[in-house]
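Engineer: Handing you a structure now.
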């Protein structure tokens, strides 16, 4: 008997976030009344637990009545569930919360649902019809329709579409996040032929797609398919429909109490999947109950047969270690022979006398009364089984690169080596793959040959997936003012592009320097490391505007912090004019030495006294902070101070 649990069964991201938010509110209640607009999720067990903790469910009819009662003595928190709500309701609630500090509105609308709201808001209008593939009575769908700026229609099934109300010339299509994939595909095929230039947005949640794909595959491998979830949950019903299409022996239950022991006993392999609103503890309880039913059906004859079975080469057996020497390990197999494992196969392991061990039968000698066993062979079988399962589920495995061979590298996953083609190593073409040897790498199995126990894996696929996830997280957490340190990737005539960790942002040419520059290359080069901050961004267009200049680097501020009127500075002559000479005091801050201030005597031209490039001492005789201008004087250095003149007069 084997039980297979779908990898993506249970809470999705949006549901988990909503449930954890409400649980946190319960723990930090502080006298607040906590409500959810509608049942938080379509699972009766979760809803009952929250109600027992004091969380009450509001309807659209009594929502605003309760919201208006929020006061200092009785504050109110209203949570918008993952399905979202109608736009007018959200806007009115938000306005009420702004005007009442004792009313809090926490929006737990799933990000995937919010994305549909944005699409509908942006793409619809008086001349464009919105078509939603989904359940018209579902709260998520009602919320989506409320964001449409023009006509809207909801189609549960293509066969039920009222074509009279659809503008075939100009319409957009979205799907409920939990819509069945098969129905959404039928919708696209039909309306691509029916409408003129229809626009489709793939809005089915990735978690929903993964669950349905897994249920589709799993239901083809098992004798009994068990779908766990609330009967009101649309995505749970979709999983049931997908599974039952392949396997009539499919049941939908809400918890372990609904399991039929007879159904479980009759099956050889059982598949388990669960809707996005099903808690993990309910899934675990169902699996545990199944295991107990299976265990209770084992009888004495089966156990006896197992203990007295004849050993054959190729069998996998279990026994208890009775002795360990420097050369071999003896194993009691509860049979007429003693199992012997070479000691080197267990070198470094933690096995000791009395431990149960599993091994592969290499040879059997009834005359000698011994059976040669191999622990490494069993490890290889287990590791190969893991690889086969990973090839079906898409699970990411870890291994160590052992060597570079022709066309790629070998990756050791436990006791099994798999081949990674050069194109799938993640190393650029003509790059050195030897740098991977000895490193631990993640991979997915691309293909297997079970007959030859060979597998082909890809490191690049995991790297690409991780980069995609990192970029998605980057955009989710990006904020104005956020600081980054990154390398300059490229320069253009209007600015520099900086790598922020897989995503590029642009520093405009005006942000690169406090002074005027004609080209970014005057300030930075490709490869330079800059510390920048986010000035603004457009997540949809994937554009980020970066700032580089700060008040701390403003040349004028540097000058003002260093010098005052009366100070003497060492300056460099940078320009000559008929009326004087300009000298650099600090980088990008120049001062004017008027022709009358160049020397004690009268001069006809500045070039009689100074030349460009000369470094001279000059006194700061004036600072215009508003116009950011500085007046300098060489002459003042040779004139006596006013106080000295007064002393002489005495």
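Read-outs throughout are calculated quantities, based only on the coordinates presented, and are distinct from any laboratory measurement. These figures come from a predicted structure and were not determined experimentally. Note that each Cβ is placed from the backbone with ideal geometry, even for glycine, and that neighbours are counted across all protein chains shown.
Engineer: Can you give the convex hull volume per residue for the Cα atoms of the range 6-111, as a whole number of Å³?
Structural biologist: On the way: hull volume 11.0 nm³, N = 106.
So the per-residue hull volume is 104 Å³.
Engineer: Now for a different question. Using helices alone, what [θ] at 222 nm do you get for the chain, with -39,500 (n - 2.57) per DSSP H run of 4 or more residues, divided over all residues and rounded to the nearest 500? Spell out each step's value before the answer.
Structural biologist: Details: 17 runs with 191 residues, N = 650.
So the calculated ellipticity at 222 nm is -9000 deg cm²/dmol.
Engineer: Residues in the range 322-348 near a label at residue 365, defined as backbone nitrogen under 12 Å from the 7 Å Cα→Cβ point?
Structural biologist: Within reach of a label on residue 365, which here means backbone N under 12 Å from a point 7 Å along Cα→Cβ, the range 322-348 contributes 338, 340.
Engineer: Cα convex hull of the range 391-541: mean projected area in nm², to one decimal?
Structural biologist: 12.1 nm²
Engineer: Against the longest principal axis of the chain, how steep is helix 280-296, in degrees 0 to 90 to the nearest 10, with axes from Cα atoms?
Structural biologist: With rounding to tens, the tilt is 20 degrees.
Engineer: Of the listed peptides 503-511, 49-57, what is their order by residue-averaged count of other C-beta atoms within 10 Å, with the highest listed first? The partial results should precede the final answer.
Structural biologist: Numbers: 503-511: 18.4, 49-57: 14.4.
Descending packing order for the listed peptides: 503-511, 49-57.
Engineer: For each of 430, 202, count neighbouring Cβ atoms within 10 Å of the residue's Cβ, then give the residues from fewest to most.
Structural biologist: Values: 430 6, 202 11.
Listed from fewest to most nearby Cβ atoms, that is 430, 202.
Engineer: Arranged from highest to lowest average of other beta-carbon atoms within 10 Å per residue, in what order do the peptides 80-92, 281-293 appear? Mind showing how you got there, number by number?
Structural biologist: On the way: 80-92: 19.8, 281-293: 16.6.
Per-residue Cβ counts within 10 Å, averaged per peptide and sorted highest first, yield 80-92, 281-293.
Engineer: Hey, another quick one. Quote the convex hull volume per residue of the range 478-549, based on C-alpha atoms, as a whole number of Å³. Intermediate values should be presented prior to the final figure.
Structural biologist: Details: hull volume 5.6 nm³, N = 72.
Per-residue hull volume (Cα only) is 78 Å³.
Engineer: Say a paramagnetic label sat at a point 7 Å from the Cα of residue 554, along Cα to Cβ; which residues of the range 581-608 have their backbone N under 20 Å from it?
Structural biologist: So the set is 585-591.
Engineer: Next up: In whole Å, what three semi-axes, largest first, describe the equivalent ellipsoid of the range 549-600 built from its Cα gyration tensor (square root of 5 times each eigenvalue)? Write out the running numbers ahead of the final one.
Structural biologist: Working: eigenvalues 110, 34, 11 Å².
Listed largest to smallest, the semi-axes of the range 549-600 are 23, 13, 8 Å.
Engineer: Mind jotting down the distance between the C-alpha centroids of the range 338-395 and the range 215-269, whole Å?
Structural biologist: When both Cα centres are located, 35 Å separates them.
Engineer: Ranked highest first by average number of other Cβ atoms within 10 Å, how do 405-411, 338-344 line up? Mind showing how you got there, number by number?
Structural biologist: On the way: 405-411: 16.1, 338-344: 18.1.
For the peptides 405-411, 338-344, the packing ranking is 338-344, 405-411.
Engineer: Turning to a different aspect of this structure: Calculate the length of the line joining the C-alpha centroid of the range 404-426 to that of the range 438-489, in whole Å.
Structural biologist: So the separation of the two Cα centres works out to 17 Å.
Engineer: Over what distance in Å are the Cα centres of the range 547-612 and the range 153-213 separated?
Structural biologist: 71 Å
Engineer: At 0.692 mPa s and 37 °C, plugging the Kirkwood radius over alpha-carbon pairs of the range 72-153 into Stokes-Einstein gives what diffusion coefficient in µm²/s?
Structural biologist: Values: Rh = 13.7 Å.
Estimated diffusion coefficient is 239 µm²/s.
Engineer: Could you grab the relative contact order for the chain? Cα pairs under 8 Å, six or more apart, rounded to a whole percent. Before the final figure, lay out each step's value.
Structural biologist: Details: 1201 pairs, mean separation 43.2, N = 650.
Rounded, it is 7 percent for the chain.
Engineer: Sticking with this structure for a sec: Fully extended, how many nm does the chain gain between residue 469 and residue 447 (0.36 nm per residue separation, minus their Cα-Cα distance)?
Structural biologist: Details: separation 22, 0.36 × 22 = 7.92 nm, distance 2.40 nm.
Residue separation times 0.36 nm, minus the Cα-Cα distance, leaves 5.5 nm.
Engineer: Wrap a convex hull around the Cα atoms of the range 95-212, take a quarter of its surface area, and give that in square nanometres.
Structural biologist: Numbers: hull surface 33.8 nm².
Result: 8.4 nm².
Engineer: Another question, then. How do 194, 240, 494 line up, fewest other C-beta atoms within 10 Å first?
Structural biologist: On the way: 194 14, 240 22, 494 11.
Fewest to most other Cβ atoms nearby, the residues stand as 494, 194, 240.
Engineer: Once a ≥ b ≥ c are taken as the square roots of the eigenvalues of the Cα gyration tensor of the range 555-643, is the result rounded (a/c under 1.5), prolate (a/b larger than b/c) or oblate (a/b not larger than b/c)? Numbers along the way, then the final one.
Structural biologist: Numbers: a/c = 1.84, a/b = 1.25, b/c = 1.48.
Judged from the Cα gyration tensor, the range 555-643 comes out oblate (a/c at least 1.5, b/c at or above a/b).
Engineer: Put one equal scatterer on each alpha carbon of the chain, apply the Debye formula with no solvent term, and list log10 I(q)/I(0) at q = 0.08 1/Å to two decimals.
Structural biologist: -0.90
Engineer: Using only the alpha carbons, work out the radius of gyration and Dmax of the range 194-263 in angstrom.
Structural biologist: Looking at the range 194-263, its Cα Rg and Dmax stand at 15.1, 55 Å.
Engineer: In what sequence do 373, 500 fall when counting other Cβ within 10 Å, fewest first?
Structural biologist: 500, 373
Engineer: Determine how many Å³ per residue the convex hull of the Cα atoms of the range 330-418 encloses.
Structural biologist: Numbers: hull volume 13.3 nm³, N = 89.
About 150 Å³ per residue, rounded to a whole number.
Engineer: Run the numbers for residue 627 and residue 165: contour at 0.36 nm per residue of separation, minus the present Cα-Cα distance, in nm. Don't jump to the answer; show the numbers that get you there.
Structural biologist: Working: separation 462, 0.36 × 462 = 166.32 nm, distance 6.67 nm.
Using 0.36 nm per residue and subtracting the Cα-Cα distance, I get 159.6 nm.
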